[in-house]
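Bear in mind that the values in this text are calculations on the coordinates, not laboratory data. What you see is a predicted model; the values in this text were computed from it and never measured. Cβ placement follows ideal geometry from the backbone for every residue including glycine, while neighbour counts extend to all protein chains displayed.
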Amino acid sequence: MYGKRDLVVETLAEQIRRGEFAHGQRLDGEHRLAQEFDVSRGTIRQALGELQRRRLIATRTGIGSFVTFDGHPLDQRGGWAQALADAGSDLTTSVLDIAPVDRASIPGLPDDVDLDEAVAVRRVRSAQQPDGTQRVLSFECASIPATGALRDLPTTGLTDGSLWTTLQAEGLVGTTGEQCVDVHALDEREAGILGREPGTAFLRTVRTSFTSDGRFVEHVVSLLDPARFTLRLSFGEDA
């Protein structure tokens, strides 16, 4: 008897083998497939990951977005800290705290993410000013699943000071997901952390990522100084 994921996998696999999809034809998006099979988008992600593993489908991104710092693209696949270092940036990263959190306290977490307990990693990135003082340019909170060794992070800390390295060690590497961007007016708490006046406009990105087989990796809310950070969008077949 098939479970929900297996039912989606076998149904789509049979349709592909019967030639119901032409070579290169796009499958419906996650939302439409979830409605068609009456399952969550998380289940659809897992099913698509299995079809990709079987080499029945391949993923292709038609629209891509990325954040830049002083014009340098920040490749999130290896972590921003490494990307900033590769760009020759003098930004320093400081961990404010690492603490357990429950689902209800994670802002903007998609409803279909399977998560009960999490660990929040809060960090700021700063740059030295001409007068020698440090100016905070970004504040981010990354919520990750409280599983395995990740549950102990409030005590053990990050591996080599890197969240990306820590997640990779647990087999969690984000390959798919979505990112939303808006302009956000800082509240009093955020303004205090960033050293700005309440109401100051910052670029806010909310990014949720998953592994290739649909497992949740992280949900990151970032507040970025728009004087130094920019969002760029590319489109077309090779985006």
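Pairwise over distinct Cα atoms, reciprocal of the mean inverse distance: report the Kirkwood radius of the stretch 4-53 in Å, one decimal place.
One over the average 1/r among Cα pairs gives 10.9 Å for the stretch 4-53.
Tally Lys/Arg at +1 and Asp/Glu at -1 over every other residue whose Cβ is under 13 Å from the Cβ of L150; what's the total? Mind showing how you got there, number by number?
Numbers: positive: R151, R215; negative: E117, D152, E170, E218.
That sum, taken over residues with Cβ under 13 Å, equals -2.
Counting Lys +1, Arg +1, Asp -1, Glu -1, what net charge surrounds G195 among other residues with beta carbon under 12 Å of its beta carbon?
Net of charged neighbours comes to -1.
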